[in-house]
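Notes follow once the structure below has been shown.
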Amino acid sequence: MLLLTALPRTGKSTAIKKIVNMLGPTNCGGFYTEEIREFDDRVGFRIKTISGKTAILSHINIESNYKISKYGVDLEAFENLCLNELEIAIKDDNIKYIIIDEIGPMQLFSETYKKMLLDLLNCNKPIIGTIFMNPYEWLDEFKKNKNIKLIDITFDNRDKIPLEIIELVSKNDNELQRKITKAKQYSQEKERFKVFDNKIVANTNHGVRTIKKDNDKYICDCEFYNKSNTCSHIITIINNNLI
């Protein structure tokens with residue numbers, strides 16, 4: 001289990017989204033957390049599953065027995081959505097990677113979630129997640145488990161982390177490893193990639209490819225993308241923050 005840890009607003013969730021798109025969303029299962037903002041003020045947190053379902057995790061207007069700071073936590077919504085999504089990710093053979101964003105105080109009100117996290121330590125699928133950085137009851141012991149690797153994200157390394165993570169978790173996927181190697185080459189040859197509004201045209205070794213971005217999803221017209229939902233061109237674009 002690879003767990004990213006960082007100070008608030010350093011870029012953990014952004015890194016997770018990049019990792020999901022580099023690996024291919026259909027190859028991933030799980031959830032991530034987004035801020036809810038009103039007039040530039042953070043008023044809560046939303047859960048979004050990789051499959052596209054959403055729920056409110058916490059909000060300043062939620063009345064709840066479970067509170068963190070000014071936020072009331074909707075524990076039932078979290079358990080109903082996220083625990084079910086993790087169960088599917090564990091059992092579905094088409095899902096290669098499990099995403100958990102995040103493991104923190106709000107989620108740890110759930111005893112069922114804590115039990116599932118302990119069970120996941122022995123899962124045979126790669127797990128990439130984020131975890132609360134500061135000392136916290138239960139988490140302090142959990143972080144010491146030999147099956148957990150903690151990776152610190154800083155402002156200096158956050159752009160490099162996603163590519164390093166996907167290379168590590170896909171070490172047994174020879175095809176994807178070759179695409180990662182190609183992406184590293186293309187990352188040094190940025191002149192191959194021309195940006196036009198919401199698309200990029202890439203002059204690759206095998207012809208001209210067009211990559212589009214629709215909301216948070218990347219789409220390429222290359223053959224490997226059609227098979228795998230990712231490719232060296234998408235990995236390059238995300239790694240270089242081109243769109």
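Couple of notes before you dig in:
- Spin-label model, residue 171 to residue 190: label points 7 Å out along the Cα-to-beta-carbon direction sit 3.1 nm apart.
- Equivalent-ellipsoid semi-axes for the range 114-154 (Cα gyration tensor, √(5λ), whole Å, largest first): 17, 14, 9.
- Charges were assigned to the Cβ only: +1 to each Lys and Arg, -1 to each Asp and Glu. The resulting dipole of the range 31-99 about its Cα centre is roughly 120 debye.
- Measuring r between the beta carbons of residue 197 and residue 115 and using R0 = 51 Å, the FRET efficiency lands at 0.60.
- Three semi-axes describe the equivalent ellipsoid of the range 114-243; taken as square roots of 5 times the Cα gyration tensor eigenvalues and ordered largest first, they are 34, 16, 13 Å.
- Taking the range 85-115 and a reference point 7 angstrom along Cα→Cβ of residue 125, the backbone N atoms nearer than 15 Å belong to 85-101.
- Largest-first principal axis extents, alpha carbons of the chain, Å: 58, 43, 33
- Angle between the chain longest axis and helix 174-187 axis [Cα atoms, degrees, rounded to 10]: 70
- Evaluating kT/(6 pi eta Rh) at 25 °C and 0.890 mPa s, with the Kirkwood radius of the range 1-78 over Cα pairs in the Stokes-Einstein relation, gives 178 µm² s⁻¹.
- Normalised convex hull volume, the range 89-134, alpha-carbon set, Å³ per residue: 78
- Members of 114/184; 143/217; 17/171; 171/213 lying beyond 29 Å, as alpha-carbon distances in this model show: 114/184; 143/217
- Between residue 36 and 43, 44, 45, 46, the built amide H atoms are under 5 Å apart, and every one of these is 5 or more places off in sequence or on another chain.
- Evaluating kT/(6 pi eta Rh) at 4 °C and 1.567 mPa s, with the Kirkwood radius of the range 47-126 over Cα pairs in the Stokes-Einstein relation, gives 97 µm² s⁻¹.
- Compared with the rule-of-thumb size 2.2 N^0.38 Å for a compact globular protein, the range 190-243 has a Cα radius of gyration ratio of 1.00.
- Packing-based ranking of 89-95, 101-107 yields 101-107, 89-95, ordered from highest to lowest mean Cβ neighbour count within 10 Å.
- Mean shadow area of the range 1-144 over all directions, Cα convex hull, nm²: 8.5
- Cβ-derived FRET efficiency at R0 35 Å, residue 64 paired with residue 214, nearest 0.05: 0.50
- Label-to-label distance for residue 144 and residue 43 is 4.3 nm, based on points extended 7 Å past Cα in the beta-carbon direction.
- Between helix 12-23 and the chain: long-axis angle, C-alpha atoms, 0 to 90°, nearest 10: 40
- Taking the DSSP bridge list for the chain and keeping only pairs wholly inside it, about 65 percent are antiparallel.
- Projected area averaged over orientations for the range 67-167, convex hull of C-alpha atoms, nm²: 7.6
Bear in mind these aren't lab numbers, they're just calculated from the coordinates by the rules spelled out. Since the model is a prediction, treat every value here as computed from it, not as a measurement. Reconstructed Cβ throughout: ideal geometry from the backbone, glycine too, with neighbour counts over all protein chains shown.
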